[in-house]
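Asker: Shown below is the structure under consideration.
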Amino acid sequence: MKHPSSREFFAYWDGKRAGARAPDRSAIEPAAVRGLLGDIFVLSYDAAAGYPFRVAGTRVCALLGRDLKDRSFSALFTPGDRREIENVIAVVSEETLAAVAGITATSEDGSVAHLELLLLPFNARANAPISLTGLLAPFETGQALLRDFKLTSYRYLDPPRERLVPRALRKLAVARGFMVYEGLS
């Protein structure tokens, strides 16, 4: 992650999951990430509707020049990148994996803006709609009215590994010239 806002929100989300694959949505407290709220959003996991925004921060809405509630997230992307971002969202939601992506967009004056997208899953609960959260942060300040988002890169962030208790390595001499080291594999 390159953007400091992405790193901060991921660290908060990671702390709230406490070793699980993802935290419950109710574990995320807006007051704890007050300075990031303008860049944060929540999406509904509804492929048919293009993963609509449930909530979008003020800076995210300002970048697009409108209120985003109930608008399609995937429709922000160019037709060539739409399927790919939808696949990323599906993996984040269904496999409970976080993802970070580099994005470019075109501003109203025709210049290219660079942004970082962080997508974070919530723990799925019975009888509750699936949703995910994220953060969209521009690298340049003063960007407004962006359109034609393009996915330039993305990667999934590994789930937490099971923490292993370090063990002392023992060196066993089995035969002359052949050594066996017992320990972690």
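Asker: Using the Cβ atoms and a cut-off under 15 Å, what net charge is assigned to the surroundings of PRO30, where Lys and Arg are +1 and Asp and Glu are -1? Don't jump to the answer; show the numbers that get you there.
Answerer: Numbers: positive: LYS16, ARG25, ARG34, ARG54, ARG59; negative: GLU8, ASP24, GLU29, ASP39.
Once all neighbours under 15 Å are counted, the net charge is +1.
Asker: Grab the other residues whose beta carbon is less than 15 angstrom from that of PHE122, score K and R as +1, D and E as -1, and report the net. Don't jump to the answer; show the numbers that get you there.
Answerer: On the way: positive: LYS16, ARG17, ARG21, ARG25, ARG54, ARG125; negative: ASP14, ASP24, GLU29, ASP46, GLU94, GLU95.
Result for the local shell: 0.
Asker: A follow-up question, please. Using amide H atoms built in the peptide plane, which far-off residues or other-chain residues are under 5 Å from ARG71 H to H?
Answerer: PHE53
Asker: Determine the order of GLU29, GLU108, GLU140 by accessible area, beginning with the largest, at a probe radius of 1.4 Å.
Answerer: Details: GLU29 95, GLU108 125, GLU140 60 Å².
If we order GLU29, GLU108, GLU140 from most to least accessible, we get GLU108, GLU29, GLU140.
Asker: Tell me, what HN-Hα J-couplings in whole Hz come from the Karplus equation 6.51 cos²θ - 1.76 cosθ + 1.60 at θ = phi - 60° for each residue of region 71-81, using x for Gly and Pro?
Answerer: Ordered by residue, 3J(HN,Hα) equals 8, 5, 6, 5, 5, 5, 8, 4, x, x, 9 Hz.
Asker: Check LEU132: other-chain or 5+ apart residues with amide H under 5 Å from its amide H, H built from backbone geometry?
Answerer: LEU43, TYR45
Asker: Calculate the length of the line joining the C-alpha centroid of region 65-91 to that of region 1-56, in whole Å.
Answerer: Answer, in whole Å: 17.
Asker: Taking a spot 7 Å from the Cα of ARG155 along the direction of its beta carbon, which residues of region 93-107 have an amide N less than 18 Å from it?
Answerer: Zone members listed by number: 97-104.
Asker: Assuming 0.36 nm per residue, please report the length gained on full extension of the stretch ALA62 to VAL42 beyond their Cα-Cα distance.
Answerer: Here the answer is 5.6 nm.
Asker: Provide the three semi-axes, in whole Å and in decreasing order, of the ellipsoid equivalent to region 1-65 as defined by the square roots of 5 times the Cα gyration tensor eigenvalues. Don't skip to the answer; put the middle values down first.
Answerer: On the way: eigenvalues 85, 58, 24 Å².
Value: 21, 17, 11 Å, ordered largest first.
Asker: Starting from the Cα-Cα distance between ARG7 and LYS69, subtract it from 0.36 nm times their residue separation and give me the gain in nm to one decimal. Walk me through the intermediate numbers first.
Answerer: Details: separation 62, 0.36 × 62 = 22.32 nm, distance 2.51 nm.
Extending this stretch completely gives an extra 19.8 nm.
The values are calculated or read from the model by the stated rules, or taken from the named source; none is laboratory data. Small disclaimer: the values here were computed from a predicted structure and weren't measured. All Cβ positions, glycine included, derive from the backbone under ideal geometry; neighbour counts span all protein chains shown. Areas reflect the complete protein model, heavy atoms only, side chains present, ligands, DNA and RNA absent. Shrake-Rupley method; radii C 1.70, N 1.55, O 1.52, S 1.80 Å.
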